[in-house]
């Protein structure tokens with residue numbers, strides 16, 4: 001396994017680097033096509049009353065009057081050496097802006113991921129073991145509800161109820177534990193939907209399998225059945241969804257942070273997009289690409305560990321179905337206990 | 001499968017409605033309580049912290065590049081002082097400058113400074129410091145990314161000199177009646193020479209920016225908040241405020257909350273004291289609940305359209321006049337705004353000392369407007385749109401993205417003018433795109449425009465293109481001799497009373513030519529406030545100032 005893993009991992013890391021660089025280039029060209037930049041849009045605010053000549057001198061200081069390729073070469077050169085440059089909007093170093101924002105976003109995204117997983121697993125568990133008359137239907141409809149209610153609506157509802165209504169947190173300090181919890185809830189609820197759907201579908205599929213019927217007929221405990229025989233085979237697609245959720249968390253963080261008034265990568269992006277602050281956008285997009293690629297890489301590397309039937313390096317390995325083996329040994333245990 | 005989906009959808013919908021109803025109930029209960037009325041006779045209490053929720057903290061903190069922004073201006077106003085104070089009626093009074101003298105020809109100015117004023121790092125605010133400030137307001141350091149101050153009369157500026165510790169002389173190459181008023185402008189903030197000498201990227205760190213104001217920066221986080229704490233040894237507030245010593249409040253926290261309803265709801269639920277820039281529709285209900293609403297006007301131009309005299313159909317004065325008389329300003333006030341807003345009386349705000357009432361020159365009169373269009377040869381077609389020589393009477397409006405209510409106003413105007421036979425289309429852009437496509441574009445027929453200023457002399461710079469840097473709002477260039485003469489007289493005036501007479505003539509002329517179509521007086525800063533906060537003052541630029549403010553609870 002290790003022999004096939006090495007080249008496989010190396011190839012994937014190479015791909016990751018290319019993806020990050022392409023994201024960097026793509027951002028550069030997309031932003032460059034758009035009209036304006038933060039410097040001129042600030043200077044052109046009629047309130048300021050600057051002449052075109054004034055604007056041109058400032059713009060020239062920032063090198064924005066240089067040809068595109070010269071700007072790109074400079075920016076790429078700095079990027080490769082780990083220098084993200086100076087934000088055009090705030091004139092502060094981009095690395096400082098990102099470092100200041102990152103902690104809050106990681107906290108929010110981590111908490112939201114936890115919320116999403118707990119929610120999804122709880123819902124999925126409920127759909128299998130709650131009697132159909134007592135809420136199973138409601139549970140099954142939850143994921144589509146979660147998906148159909150926009151993130152910002154959930155956020156505004158939570159703020160209205162828990163901040164303004166119950167006073168658990170305030171808009172002035174949303175980084176308190178309660179503030180973080182509700183922001184994570186707002187972000188985690190829609191994200192949990194896909195995971196729950198996939199878990200439910202797989203659990204439904206697995207529970208129709210013969211070995212489960214056998215296990216049930218032998219009186220295997222419910223939790224044990226769920227954890228040992230249903231979750232594991234159902235978790236492979238869930239890992240894929242989990243990896244994709246990282247993208248959703250990054251995107252959702254943008255809205256959640258700005259609604260909850262948290263400073264993070266999301267609000268940083270929001271400000272940078274609104275003002276076309278290229279150095280900040282490039283750094284954040286590259287960072288996001290990096291995170292996304294790394295997470296997906298980890299997911300890919302985790303597959304073979306979850307299910308030996310997954311092929312690595314293009315070579316198929318014939319393995320007897322894991323579930324069957326497990327169930328056999330488990331049944332033996334149960335029988336011996338009886 | 002499809003039925004199952006539909007059932008799920010319906011269930012989801014019902015659950016959602018239940019949730020929303022529940023939330024509305026709770027929110028309703030929470031905001032039901034009205035804050036107790038403040039005791040007017042109570043003496044100011046020391047101490048207290050207030051929270052000011054703001055839509056944005058703007059872009060950079062480089063003082064010259066940000067101090068006249070609508071957002072950062074709040075913070076600069078408390079961290080720094082100005083030489084002169086301007087009140088809401090445009091009256092100038094001493095602040096850091098104790099007195100000033102002007103030469104007969106208004107080219108030399110002497111500023112006498114208050115003794116003992118210091119920056120918060122202990123260095124003196126003396127004549128040398130003032131000279132360093134005036135120099136950078138006039139010139140900036142554009143090669144290092146530091147702007148000059150946009151409205152400073154830079155074209156005439158020669159030099160500033162420190163005569164002694166507390167006396168500064170400033171020289172101009174031509175009469176500059178606007179110099180002294182400009183010292184009260186929100187861009188003209190006094191910073192320590194050490195701050196001014198810093199490179200742009202270090203000035204962008206707010207904690208490096210040292211002023212002499214009643215508050216100092218305690219902490220700040222980019223895009224999030226700025227916390228100001230009071231300076232105990234402060235004792236040189238504007239004379240007009242009659243306030244001795246330091247501020248009453250201990251701290252002011254400016255916190256960015258982008259969503260407008262969250263700002264007002266925070267004040268409603270007692271979690272914050274001031275919500276900046278609520279939408280006009282929210283104001284009346286808040287007032288009914290007992291919250292303080294302040295809609296101070298700034299000195300400057302009203303909100304309205306500068307018409308481009310070089311493009312059809314506005315190359316014809318009759319059509320321009322038809323637009324003036326075709327707009328129902330009362331409907332704009334009652335539909336888009338509240339009773340706190342006022343109709344325009346001229347193209348400058350009525351609190352500008354030189355403003356005179358010319359509202360009859362552009363009164364709403366649809367019959368007169370229709371007659372004017374008939375006279376100009378525009379004939380109404382079957383579809384209600386007027387045509388002339390095969391051309392439709394059409395133009396495009398570009399809502400001003402710097403004004404939240406602009407699009408609503410433009411939609412209403414488009415509707416009102418279409419009743420007269422105009423075909424008006426709207427194209428709305430965001431700030432960067434607007435800057436690229438609309439500002440400075442000579443083909444735009446009507447520019448929705450407004451601007452604050454502290455001196456009516458500024459008007460001259462927008463009317464023609466006689467001087468380099470003139471904005472030529474109506475694209476008349478130098479073709480209108482009357483306009484040239486009037487704006488020259490305004491620009492080179494050496495006496496305020498004489499200039500006021502010319503200003504009246506100029507307003508009459510510009511409106512008679514229908515170069516400018518006034519809409520409403522501008523309110524660009526709206527404050528929703530906890531009634532327990534007393535003693536707030538608003539200067540001529542409509543910024544809230546908390547030197548004299550205190551909490552009654």
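What follows is calculated from the coordinates using simple rules that are stated; it is not laboratory data. Since the structure is predicted, the reported quantities are computational estimates derived from the model, not experimental observations. Cβ placement follows ideal geometry from the backbone for every residue including glycine, while neighbour counts extend to all protein chains displayed.
List of remarks:
- Global form of the stretch B:84-194, assessed from the alpha-carbon gyration tensor, a/c cut-off 1.5: rounded
- Using a Gaussian network model of chain A in which every pair of alpha carbons under 10 angstrom is joined by a spring, one finds that among A:154, A:33, A:86 the greatest mean-square fluctuation is at A:33.
- Added length on full extension, which subtracts the Cα-Cα distance from 0.36 nm per residue, residue B:293 to residue B:465: 57.8 nm
- The protection proxy used here, the mean number of other Cβ atoms lying within 10 Å of each residue, ranks peptides A:174-184, B:292-302 as follows, highest first: B:292-302, A:174-184.
- Antiparallel content of DSSP bridges confined to chain B, in %, to 5: 80 percent
- With helices as the sole contributors, chain A gives -24500 deg cm²/dmol at 222 nm; each DSSP H run of n ≥ 4 counts as -39500 (n - 2.57), and the sum is divided by every residue.
- Where Rh is the Kirkwood radius over Cα pairs, Rg/Rh for the protein assembly as shown: 1.04
- With both residues required to sit in the protein assembly as shown, DSSP beta bridges show an antiparallel share near 80%.
- Computed FRET value (nearest 0.05) for residue B:121 with residue A:205, which takes r as the C-beta separation and R₀ as 60 Å: 0.30
- Radius of gyration over Kirkwood radius for chain A, both on Cα atoms: the Rg/Rh ratio is 1.08.
- Chain A: most fluctuating residue of A:260, A:50, A:79 per GNM, C-alpha cutoff 10 Å: A:50
- Relative contact order %, chain B, counting alpha carbon pairs below 8 Å whose residues are six or more apart: 21 percent
- Our helix-only sum for chain B, with -39,500 (n - 2.57) per DSSP H run of n ≥ 4 divided by its residues, gives a mean residue ellipticity at 222 nm of -8500 deg cm²/dmol.
- Extent along the principal axes, Cα only, for chain B: 76, 74, 48 Å, with the longest axis given first.
- Every pair of different Cα atoms in the stretch B:303-520 enters the Kirkwood calculation, which places the hydrodynamic radius at 17.8 Å.
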